[in-house]
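Below: one structure, written as structure tokens.
Computed from the coordinates by the stated procedures, all read-outs in this text should not be read as laboratory data. All values reported here derive from a predicted model rather than from experimental measurement. Here the Cβ is made from the backbone with ideal geometry for all residues, glycine too, and neighbour counts use every protein chain on show.
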């Protein structure tokens, strides 16, 4: 991908529900505020010319980001959402409600990239690296703790990517 396309692409990293202060309670005012902030970031990036958004499709913040992109797509022409799926069966161990939400999101993506045909120890990290390498901008929802989100932010810094950090 050339730099022009990279500069028109944004990827996302963020914590799963278990690391969020409100857990899985999406009615919590902090969660509602985060979802609105993600939507506003997507629309701002759209006004800057970013049209391609890449999401790792995990539970928690990834889900919120994918939903924000789909919401923005109703008003912002030309927005595309890519599902960067770490492995086939990503949602196999999720409950029925989580899996249905995931399947709905994936079905509404413009593109799907599967990193590994089955789960491996490194498939999540490979997915995160794929997203950063493809994108000029990374939106990161973080609590400052260690884990995949911090690793993704550090990789984006190493590659000189623009990082929009949302602290929770």
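I'd like the full set of residues that are over 21 Å from residue 81 (Cβ atoms), assigned to a helix (DSSP H, G or I) and in contact (Cβ under 8 Å) with a residue 12 or more places away in the chain, limited to the stretch 108-152.
Correct list: 125, 151.
Determine whether the stretch 74-92 contains at least one residue that is surrounded by fewer than 21 Cβ atoms within 10 Å (Cβ to Cβ) and under 16 Å from residue 15 (Cβ atoms).
no
Looking only at the stretch 44-58, decide whether some residue is surrounded by fewer than 17 Cβ atoms within 10 Å (Cβ to Cβ) and within 26 Å of residue 144 (Cα to Cα).
Yes, because at least one residue in the stretch 44-58 is surrounded by fewer than 17 Cβ atoms within 10 Å (Cβ to Cβ) and within 26 Å of residue 144 (Cα to Cα).
Could you look through the stretch 27-43, keep only residues that are surrounded by 17 or more Cβ atoms within 10 Å (Cβ to Cβ) and in contact with a strand residue (DSSP E or B) (Cβ under 8 Å, 6 or more places away or on another chain), and pick out the one that is nearest to residue 164 (Cα to Cα)?
Here the answer is 41.
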